1. Residue by residue through the range 42-67, note down the ones that are closer than 22 Å to Pro14 by Cα, part of a helix (DSSP H, G or I) and not polar (S, T, N, Q).
2. Counting just the residues of the range 1-53 that are at pLDDT 95 or above and of a type in the set (Asp, Glu), which one comes out surrounded by the most Cβ atoms within 10 Å (Cβ to Cβ)?
3. In the list Glu86, Glu70, which residue meets the criterion of being of a type in the set (D, E, K, R), surrounded by 11 or more Cβ atoms within 10 Å (Cβ to Cβ) and not in a loop (DSSP other than H, G, I, E, B)?
4. Go through the range 4-41 residue by residue and tally those that are among the charged types (D, E, K, R) and either under 12 Å from the mean Cα position of the chain (by Cα) or in a strand (DSSP E or B) (or both).
5. Quick one: in the range 73-83, of everything that is of a type outside the set (S, T, N, Q) and not in a loop (DSSP other than H, G, I, E, B), which residue is nearest to Val7 (Cα to Cα)?
6. For the structure I just gave you, tell me whether Ala80 is buried (at least 16 other Cβ atoms within 10 Å of the Cβ), touching a Pro at 6+ places or on another chain (Cβ under 8 Å) and small (Gly, Ala, Ser).
Amino acid sequence: MDRPRRVGLPWYEPQHYALLRQILSDGAKLPVHYEAWRVSTEQVEQVVQSSGVDVVRVPIEPDAFTAWCERTDSAMDSAARTRYAEEVLVRKV
């Protein structure tokens, strides 16, 4: 199977982080502090980019993501965030 040339990376804005940690079903698994999450996620982003894959940050906004989860009957977890990011990315193309 070919590796994707471009992937969507679920991205949290600082102003939404605390709320997302509360409403996501796996939010407790996220670092308590935004900066810790950001640094860790940027490291993953760099590793993926260094493999030749274009990484596009897709903002996870609480209201839009919640509505998408309800519409698609998805749990508000990491798998859903990944699917959401990919769907948003495809729509932007």
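The values are calculated or read from the model by the stated rules, or taken from the named source; none is laboratory data. Since the model is a prediction, treat every value here as computed from it, not as a measurement. As a convention, Cβ positions derive from the backbone with ideal geometry for all residues, glycine included, and neighbour counts pool all protein chains shown.
1. Of all residues in the range 42-67, those closer than 22 Å to Pro14 by Cα come to 42-46, 55-67.
Next, from what is left, pick out any that are part of a helix (DSSP H, G or I): 42-46, 62-67.
Of everything in the range 42-67, those that are closer than 22 Å to Pro14 by Cα, part of a helix (DSSP H, G or I) and not polar (S, T, N, Q) turn out to be Glu42, Val44, Glu45, Pro62, Asp63, Ala64, Phe65, Ala67.
2. Glu45
3. Working: Glu70 fails: surrounded by 11 or more Cβ atoms within 10 Å (Cβ to Cβ).
Result of the check over Glu86, Glu70: Glu86.
4. Of all residues in the range 4-41, those among the charged types (D, E, K, R) come to 5-6, 13, 21, 26, 29, 35, 38.
In the following step, the residues that additionally are either under 12 Å from the mean Cα position of the chain (by Cα) or in a strand (DSSP E or B) (or both) were identified as 6, 13, 38.
Qualifying residue count for the region: 3.
5. Arg83
6. On the way: buried (at least 16 other Cβ atoms within 10 Å of the Cβ): yes; touching a Pro at 6+ places or on another chain (Cβ under 8 Å): no; small (Gly, Ala, Ser): yes.
No, not satisfied.
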